[in-house]
Structures are given as C-alpha cells and as structure tokens.
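The values are calculated or read from the model by the stated rules, or taken from the named source; none is laboratory data. These figures come from a predicted structure and were not determined experimentally. We place every Cβ from the backbone using ideal geometry, glycine too, and count neighbours over all the protein chains shown. Remember, those area values only see protein heavy atoms, side chains included, never the ligands or the DNA or RNA. Shrake-Rupley method; radii C 1.70, N 1.55, O 1.52, S 1.80 Å.
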Amino acid sequence: MRRDGPRPRLVLVLLVAASIALMVLDGRPGTDPVTAAGRAAAGAAFGPVAGAVSAAARPVADGYRALAAAPGAQERIEELEARNRRLSAELDAAEQDGVRSERLADLLHLSGLGGYEVVPAQAVTRMGSGGYAETVTLDVGARDGVAPDMTVVDGHGLVGRVIRASHATSTVLLFTDGASSVGARMEGSREVGAVHGKAHELDGRAPAVLELMQADARIEEGDRVVTMGSHNDAPFVPGVPLGTVTRVRDTPGALSRTAELRPAADLGALDVVGVVVAGPAEDPRDSVLPEKPDGDAARAPREVGR
C-alpha cells in the first residue's frame, strides 16, 4: 500500500499560508495590484460555493422578512387566538349541556318510577359554611308552582325541602343540615326511623345518621333507606332514596339503633334538581331504588313481621 508522502502536507501548508497572506493584503487600504489579483483569484475559486450557500438560504430569509413585514400580521394572529378561545368556550359549553342533559334524564326517570310530578330547576347558589344552614337557591319559584314544604330531589335521591319561595327563586334546606330530620324506612322491611342531618356537628364523621326505633333492629352496611313520607306529602313524599348505610354504631343499652348514612344524591355537586309539586297516587315503596350491583344480589330484601 502506498503511503502519503510529504508532498500533500506541503501543499496544505502552502494553502494556509496563502490564505493568511490574502487576509493581510485584503485588509490594507488602496488598490494594490497584487492585492487586486489575490482578490480576483479568491473570488474565482470560492465564488461558486458562496453563491450556492446564498441561494439555498435566500428563501428562508425572504420568508421571514415577508412574514415580519406583512401588513396586519399581528392583527391576524390575535384574531386567530380569539377564535380559538371562542371555540374552546363553545366546546366547554357543549360538554356542560351534555352533562345537564344526562342529569335531567336521570331526574325524569326517578320521577317516573315514583309517580312524582316535578318542576325541573337548576341550583344556582349554595351556602353552608361558618355555621349557617346548608341551603341551595333554585331558579324556580312561586310563578312555577313552587311553595314551602315541597320535596326536592335529583336523579338519584333526596336533596331536601323548600323552606322559602319568592316569585322567581326558592331556597332549599338540604336534608343533611343539622336542623333537618326525615322519616325513613329500611328497604325490604318494616323497620322505620328517622335520618338526622349532621353537617354542623364538629364530631360528626358522616353527613347524616339513621336512627331506627327498635334497639334490636336488623341493620348492616350496604342496607338502603328511603323516605317514609309525610302527611299530605309535605314536606317529604314517600319512596325517595335517602342513602346507604356505611357503618352501624354499637350502642349497648340504647333504646334505638343508629348507623351512619351516605346520601344517595351528590349534594356536593348539585346542578339539575326537581321540586315535587304533586306526590304519587300511592306509596312506591322500594320501586324507585336502583338495582343492586351483582355483588349484592345474594342479599335479598327481607320482610320482618312484628
């Protein structure tokens, strides 16, 4: 194999030296013939390369200058951003309308099962902190047939009762408020009692507590509770789901049996609700309750005779 000799290295050294000499001569003032000749030679050697690079870069540079100098470019950008914000807001509104449509469908399904005549409403404000009553304000009132002591439900269960009704709005006291009590009945049995709100008790671990009248009443976690109903359906109509037992309290020697209750309605995210303006023709009993999950199917409802 032939190895490179000293000649290529010598040529490289001469080229570097010539480049340095040209830079020195190019920096000198005047029109020296030697300098002019060097410039001409360099231009002939490197001109094609420089021209190719300039031609390749020219479209990018021209495009940038055109974009920056285009009249109304900033206004167009702002217009597109505003349009994007409008489209995002419309999408959010459509999603919210979809959620409300589903909740309205749930409400109408519950009212159909129970035979309740309801006026749909939207919960617009809520109060409940600092020791005040747990209430919500609805966008329906006396003009819609709403009056005090009417039952309020959502698509899953009891919300509370109307305590005030103006011309266009009404105020609802949630059944979990500390001043609220609702007559209750256990699913599939004749055990009756009351559900008391516990929202304002500092030591309360559940928003509501079920108290059964019989100290030896059979009750366990997962049991469900419905409203027993009031005289003339005021303030509560019968058969509305109240909640599910989450813990049975052990109270030896007590005259009643108590348990903690998880509300059936999502009281923390109220939106579409219904005011019951007319009760059912007869007690719907347990027909308003949804079917139990497969895991609870083995636990058949029980009838306890007295």
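Side notes on the structure shown:
- For residue 105, the shell of other residues with beta-carbons less than 15 Å away shows a net charge of -3, using +1 for Lys and Arg and -1 for Asp and Glu.
- Cα-Cα pairs of the stretch 95-305 separated by more than 21 Å (percent): 52
- Each residue of the stretch 140-149 was assigned a 3J(HN,Hα) from its phi angle through the Karplus expression (A = 6.51, B = -1.76, C = 1.60, θ = phi - 60°), giving 10, x, 4, 5, 9, x, 7, 9, x, 6 Hz with x at Gly and Pro.
- Percent accessible area from carbon and sulfur atoms, the stretch 95-305, protein chains only, probe 1.4 Å: 50
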